[in-house]
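A.B. asks: The structure that follows is given in the form of structure tokens.
The values are calculated or read from the model by the stated rules, or taken from the named source; none is laboratory data. In this text the structure is predicted, and so the values were computed from the model without any measurement. The protein model used for the area step is the full one, side chains on, heavy atoms only, and it has no ligands, DNA or RNA in it. Shrake-Rupley method; radii C 1.70, N 1.55, O 1.52, S 1.80 Å.
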Amino acid sequence: MWLLLVLVLVLFPPPQALTTPARDGTPGGSAKITVHFQQIGFTGEVNVYDIWTQKSLGSFSHSYTADVPFHGTAFLRLSSA
């Protein structure tokens with residue numbers, strides 16, 4: 001069973017920072033965690049930037065899915081393209 005916690009820090013104006021810790025009961029497991037942009041106030045293309053690796057992940061239309069390792073965290077900055 002997955003326990004998912006999604007935190008969104010709303011900055012005015014966007015970009016937004018998003019952190020998604022992944023936890024499950026299976027060591028070595030990972031979680032595919034999807035953020036649907038419309039649910040957090042974005043429309044159109046959204047730029048996704050990985051804050052931990054300091055790399056742009058590209059522009060996405062409706063959602064972004066991160067593959068988060070066991071007890072890992074994805075820390076993303078989202079901004080309108």
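A.B. asks: Which ³J(HN,Hα) values, rounded to whole Hz and listed in residue order, are derived for segment 72-81 from phi using the Karplus coefficients 6.51, -1.76 and 1.60 in 6.51 cos²θ - 1.76 cosθ + 1.60 with θ = phi - 60°, glycine and proline given as x?
C.D. replies: For segment 72-81, the Karplus curve yields x, 9, 9, 10, 10, 10, 10, 8, 4, 6 Hz.
A.B. asks: Mind listing the long-range amide H neighbours of Glu45? Cut-off is under 5 Å, sequence gap 5 or more, other chains count too, H placed in the peptide plane at 1.01 Å from N.
C.D. replies: HN-HN under 5 Å from Glu45: Ala81.
A.B. asks: Continuing with the same structure: Heavy atoms only, 1.4 Å probe, whole protein assembly: order Lys55, Lys32 by accessible area, highest first. If you can, show how the numbers build up before the last one.
C.D. replies: On the way: Lys55 125, Lys32 155 Å².
Largest accessible area first, the list is Lys32, Lys55.
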